[in-house]
Amino acid sequence: MKTKKLQDPENVLRGKGGEIHQTAGPEVPILTTQQGTPVSDDQNSFKVGPRGPATLEDFHLREKMFHFDHERIPERVVHARGFGAHGYFENYETLADVTSADLFQRPGEKTPAFVRFSTVAGNKGSADLARDVRGFAVKLYTQQGNWDIVGNNIPVFFIQDAIKFPDLVHAVKQEPDRDFPQAATAHDNFWDFISLMPESMHMIMWVMSDRAIPRSFRFMEGFGVHTYRLLNADGKSTFVKFHWKPKFGLQSVIWNEAVKINGADPDFHRRDLWNAIQTGDYPEWELGLQLFDDKFADEFEFDVLDATKLITEEQVPTRRVGRLVLDRCVDNFFAETEQVAFCTNNIIQGVDFSNDPLLQGRKFSYLDTQVKRLGGPNFTHIPVNAPKCPFHNFQQDGHMAMVNPKGRVNYEPNSWGGAAGGPRESHETGFQSFLAKEKGRKVRERSESFADHYSQARQFYISQTKVEQGHIAEALIFELSKVEKPAIRLRLVSHLPHIDPKLADRIAKGLGLRDKLEVPPPAKQPLPDLKPSKALSIALNGPKSFAGRKVGILVTDGTDRPLFDGLKSAIEAEGATLEVVAPTVGGVLASDGSIIEAQQKIGGGPSVLYDAVAVMPSADGVQALLKNAAAKDFVSDAFAHLKFIAYVGAAQPLFEKAGIAADLDEGCLILNAPKDAQTFVIACRKLRRWDREHIAMA
Ligand code: HDE
């Protein structure tokens, strides 16, 4: 290769065809093949003459292309789109009274953790703000082995028996003939299936609520869903349901906002988590345990083995036993987040399964799926999946085996004795199951105790604020309006009178249904008197401060510097962050001639990306904004999405242009002096100006 050295930067040469060659130097390692052979030229394949045919002997080209051709592994059949991070679980108190699980014995003990959040229905490249359940899968690398709590952000599920899972997933994903819609339940197959599955109605209320469009992974709850058991050292069993409670309180977006976020930043959730961890604002959840005994289970209105039911926190409060902190992003997305393999089977001494038929089926599925995705039985050797405690067994060989046992012995019992004989079972510390007494005929049958399909759907609905109920209704109307077959719409709406007759009317009207509802007789008469539960509402479980949230500040040349600085300090003092949105990403010259750096160009940073906004143009600067459609959308969307808006007097013409000047309310706060910033930030703690909704959405 004849090359010519380029002046700048150093170690860069230019080849005969003008191509750039960046070469190794004293501090730059030499590029090699996978076999370690140094590569002399990574820009050109090996040919017979510069314009001639490629040679078969080009091992570098062959190896590079071969590896690239095999870069993809099958994406997860569900939960394909996900984002993971490392952290730890810190235990508050000893739980020896209820469990012998090692990680819960010593207050203050930290157990390493890996968490992967996900959407369910969409493909790997789908957008983050799809209306969907979020996966909340936690792997705890305990000293007794790995324990996976593979949960969701919704405490109940669509179906009661695992045998319906393939049908559910087929129905929700893209329709098989056309391969759309992507990451959306708003299509015939999904609602057809659901309309024939009354057991789904409780989950449907959750999925149509704002729970399915969280503002951030950091502001959503996680749930183990199923009833599990905890076992103490005496083998005594206590039933348990797992909850993760976000430190920053609950928050969701509004559907119209979700639709726009998906266009403006399809990576909205992963970027949010990444940024929070990178800036040291570590996301945190408390682990809450709902603990109950057999007596409670027997007296409870529903079956604790039915995953379409929850136990309200008024009935069984959550005991907060520790915190989960995420403090490290992955080094490599594929190696960790894509290859992490969660299995409901990964359980530790002191925890045990219940007979929930959904959970029992999951124990079948997860191992299979990992073998398919990760190519063989040795996926446990991948660092993110390997336990961090010692592990020894005689399992060996298979694809990609990396930790085959050493020595001559690979079986037991054996007579080699001592260490040479290899590992042996331990009756003292080995995993022990709860000694449940089981008796019965072998049947393919659903328990009668699972037959109430509507009571908790109703309880969820009446536990929501008026605004939240409105969102559920709007979501149902939106989704069912996308269903082409009128019979499916009718069949679905016909279930709703069992939940709430007014809701049914509202949906029927919203869909323009002409046919009379054919209300199906319930398998079991719904209970009329379940009380609302405050814990089920997002609005009633918001944050106490504006910490962890983000303000978008629209500026122009001439923006008042002291006002801007006052606002910045007030936001940062609250523990929130800000982004400056300017006519160009190069920033603006403020009133005092100083530069205000920008993170976004107008249009690139629409107001849907922020929890609140400030509109701070100068009197001259606002003139250009009047001609900018994105600037107009910035304020009209912020208003329509019920956000708190801080503004300076010069913003008025923009508000007029955006058609909101006459409607400004107490959620719109004028900034006359730097001290006004504090009033604005305090107002922002409420997150939304909910009573604006009837104007904004009219
Ligand atoms: Fe899953 N689920 N699931 N699931 N699930 C998977 O395993 C399955 C269910 C959940 O971030 C798959 O590794 C069956 C409930 C999460 O990697 C698969 C049934 C809950 C994740 C599978 C359920 C979940 C999965 C696909 C019904 C909440 C993502 C890829 C019996 C409690 C984990 C994979 C991650 C992933 C099967 C129902 C949560 C196919 C058969 C209920 C968070 O094995």
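The values are calculated or read from the model by the stated rules, or taken from the named source; none is laboratory data. All of these numbers come straight from a predicted model, not from anything done at the bench. So basically every Cβ, Gly included, is an ideal-geometry build from the backbone, and we count neighbours across all protein chains shown. Please note that ligands, DNA and RNA were not included when accessible areas were found on the heavy atoms of the full protein model with its side chains. Shrake-Rupley method; radii C 1.70, N 1.55, O 1.52, S 1.80 Å.
Brief remarks follow.
- Taking other residues whose beta carbon is less than 14 angstrom from the beta carbon of T111, and scoring Lys, Arg as +1 and Asp, Glu as -1, yields 0.
- S533, S433, ranked by accessible area, largest first (probe 1.4 Å): S433, S533
- Under 5 Å, built H, 5+ apart or other chain: amide partners of S252: R215
- Treating each Cα of the chain as an identical point scatterer and summing with the Debye formula, the log10 of I(q)/I(0) at q = 0.06 Å⁻¹ comes to -0.44.
- Accessible surface of the chain [probe 1.4 Å, protein heavy atoms]: carbon and sulfur percent: 54 percent
- Net length available on complete extension from R51 to E445 is 134.7 nm, with 0.36 nm assigned per residue and the Cα-Cα distance removed.
- Shape metrics for the range 1-116, restricted to C-alpha atoms - Rg then Dmax, Å: 26.0, 78
- For the pair the range 274-334 and the range 85-147, the centres of their Cα atoms are 9 angstrom apart.
- Shape category assigned to the range 294-421 from the gyration tensor of Cα positions, a/c cut at 1.5: prolate
- The residues of the range 53-158 expose, per residue, 39 Å² of accessible area to a 1.4 Å probe.
- Here T32 sits with roughly 60 square angstrom of accessible surface, probe radius 1.4 Å.
- Size of charge dipole - the range 409-501 - debye, nearest 20, with Cβ of Lys, Arg +1 and Asp, Glu -1, no other charges: 440 debye
- Near L530, once Lys and Arg are set to +1 and Asp and Glu to -1 for all other residues with Cβ below 13 Å from its Cβ, the sum equals -2.
- T559 long-range amide H proximity, modeled H, under 5 Å: S591, S618
- Extreme residue, positive dipole direction of the chain, given options S618, H471, A386 (C-beta unit charges): A386
- Accessible surface ranking that places the most exposed of H70, H498 first, with a 1.4 angstrom probe: H70, H498
- Ordering S569, S118 by accessible surface, largest first, gives S569, S118; the 1.4 Å probe counts only protein heavy atoms, with every chain in place.
- Within the range 4-82, the GluC sites (Glu not before Pro) that combine a DSSP coil assignment with at most 12 other C-beta atoms in a 10 angstrom radius are E10, E19, E27, E57, E71.
- Considering only Q290, P532, Q35, and ranking their Cα positions along the charge dipole of the chain that arises from unit charges at the beta-carbon of Lys, Arg, Asp and Glu, the one farthest toward the positive end is Q35.
- Shape class for the range 11-73: oblate, because the ratio a/c of the largest to smallest gyration tensor axis (alpha-carbon atoms, square roots of eigenvalues) is 1.5 or more and b/c is at least a/b.
- Residue-level accessible surface for I670, protein heavy atoms, 1.4 Å, Å²: 70 Å²
- Remark: the range 257-363 carries a charge dipole of roughly 320 debye about the Cα centre, counting +1 on each Lys and Arg Cβ and -1 on each Asp and Glu Cβ.
- In terms of Cα atoms, the Rg and Dmax of the range 207-357 work out to 18.1, 56 Å.
- Long-range HN-HN contacts of T577 with modeled amide H, under 5 Å: G548, R549, K550, V551
- Under the combined filter of DSSP loop state and at most 16 neighbouring Cβ atoms within 10 Å, the range 592-677 retains these GluC sites (Glu not before Pro): E597, E666.
- The slack in the chain from T465 to A662, taken as 0.36 nm per residue of separation less the alpha-carbon distance, amounts to 68.2 nm.
- Options N153, A54, A127, ranked by Cα towards positive dipole end of the range 33-179, top entry (Cβ charges): A54
- Were the residues from Q43 through H694 laid out at 0.36 nm apart, the gain over their Cα-Cα distance would be 228.2 nm.
- Charge sum, other residues only, whose C-beta stays under 11 Å from V622's C-beta, Lys/Arg counted +1 and Asp/Glu -1: -1
- For the range 413-516, applying the loop criterion from DSSP together with a ceiling of 13 other beta carbons within 10 Å to the GluC sites (Glu not before Pro) yields E425, E428, E438, E445, E484.
- Spin-label proximity, Q623 to the range 552-567 - amide N less than 17 Å from point 7 Å beyond Cα toward beta carbon: 556-559
- The coefficient of translational diffusion for the range 197-288, derived via Stokes-Einstein from the alpha carbon Kirkwood radius under 37 °C and 0.692 mPa s, stands at 209 µm²/s.
- Where both bridge residues fall in the range 525-648, DSSP classifies roughly 10% of the beta bridges as antiparallel.
- Excluding ligands, DNA and RNA, the accessible surface per residue across the range 267-318 is 42 Å² with a 1.4 Å probe.
- Rounded to the nearest whole Hz, the Karplus-based 3J(HN,Hα) values (6.51 cos²θ - 1.76 cosθ + 1.60, θ = phi - 60°) of the range 253-262 follow the sequence 9, 9, 3, 4, 5, 4, 4, 6, 4, 4, with x at glycine and proline.
- In this structure, L367 and S569 have a Cβ-Cβ separation that, at R0 = 51 Å, corresponds to a calculated FRET efficiency of about 0.45.
- Label-reachable residues, the range 220-247, where backbone N falls under 17 Å from a point 7 Å from R320's Cα toward its Cβ: 220-223, 242-247
- Point-charge dipole on Cβ atoms (K/R +1, D/E -1) for the range 519-671, about Cα centre, debye to 20: 660 debye
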